[in-house]
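This report concerns only the one structure given below.
Throughout, read-outs are computed from the coordinates displayed, never taken from laboratory work. Note that the structure is predicted; figures quoted are calculated from it, not measured. Reconstructed Cβ throughout: ideal geometry from the backbone, glycine too, with neighbour counts over all protein chains shown.
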Amino acid sequence: MSGVATTPMAIALAEAEAAAVRGEVPVGAVIVDRTGNIVARAGNRTRELRDPTAHAEILVLRSACAHFVSERIGECDLYVTLEPCPMCATAISFARIRRLYYAAADPKGGGVEHGPRIFAQPTCHHAPEIYPGIDEARAAGLLREFFATRRI
């Protein structure tokens with residue numbers, strides 16, 4: 001990545017790039033508070049931690065909840081480079097995230113606008129505002145490049 005990451009999505013993309021360098025699926029996430037300050041940032045660490053729940057979104061949710069000493073962080077926004085999976089979408093709902101911004105859609109594994117559409121379910125207690133497609137081409141390119149090197 002060239003230059004200094006300044007927007008939350010640019011920082012999430014930098015986290016995704018760092019995850020790819022570690023051999024993780026390149027997904028990055030950032031949580032900002034209501035004033036725009038970054039509270040947490042992370043990339044996937046499922047392989048490193050040998051933890052199937054160590055998705056970037058889960059890691060930033062844990063960190064932000066610890067920061068605010070609360071399981072509900074409704075004044076925060078989440079930026080993530082890939083449409084959250086059903087597990088992460090459910091955690092986002094439980095944390096009461098205010099807005100979800102994501103880059104690339106995930107027709108195969110997504111849980112927001114694809115698959116089970118967690119926020120549209122009658123059992124969902126909270127649905128954030130959703131803003132898809134933020135820097136989508138760049139995020140999708142990172143994922144394509146990562147998987148292309150593994151399918152040879």
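Below is a table of values for the structure above.
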{"item": "The chain: angle of helix 8-21 to the longest principal axis, Cα-based, in degrees nearest 10", "result": "50 degrees"}
{"item": "Structure-derived volume of the Cα convex hull per residue in Å³: which label, when the choices are (1) 165; (2) 106; (3) 124", "result": "(2)"}
{"item": "Cα centroid separation, the range 10-64 to the range 74-129 (Å)", "result": "15 Å"}
{"item": "Mean Cα-pair separation over length for the range 1-138, i.e. relative contact order, pairs under 8 Å, 6 or more apart, %", "result": "18 percent"}
{"item": "Cα gyration tensor category, rounded, prolate or oblate, for the range 95-152 with a/c compared to 1.5", "result": "prolate"}
{"item": "Magnitude of the charge dipole, the chain, Cβ model with Lys/Arg +1 and Asp/Glu -1, debye to 20", "result": "280 debye"}
{"item": "Fluctuation leader among L142, L49, L100 - the chain, Gaussian network, Cα springs under 10 angstrom", "result": "L49"}
{"item": "C-alpha long axis of helix 56-68 to longest principal axis of the chain, angle in °", "result": "40 degrees"}
{"item": "Folded to 0 to 90 degrees: helix 86-95 orientation relative to the chain principal axis, Cα", "result": "40 degrees"}
{"item": "Summed residue charge, Cβ within 14 Å of E113's Cβ, Lys/Arg positive, Asp/Glu negative", "result": "-2"}
{"item": "Rough spin-label spacing in nm, given labels placed 7 Å along Cα→Cβ, for S63 and R99", "result": "2.1 nm"}
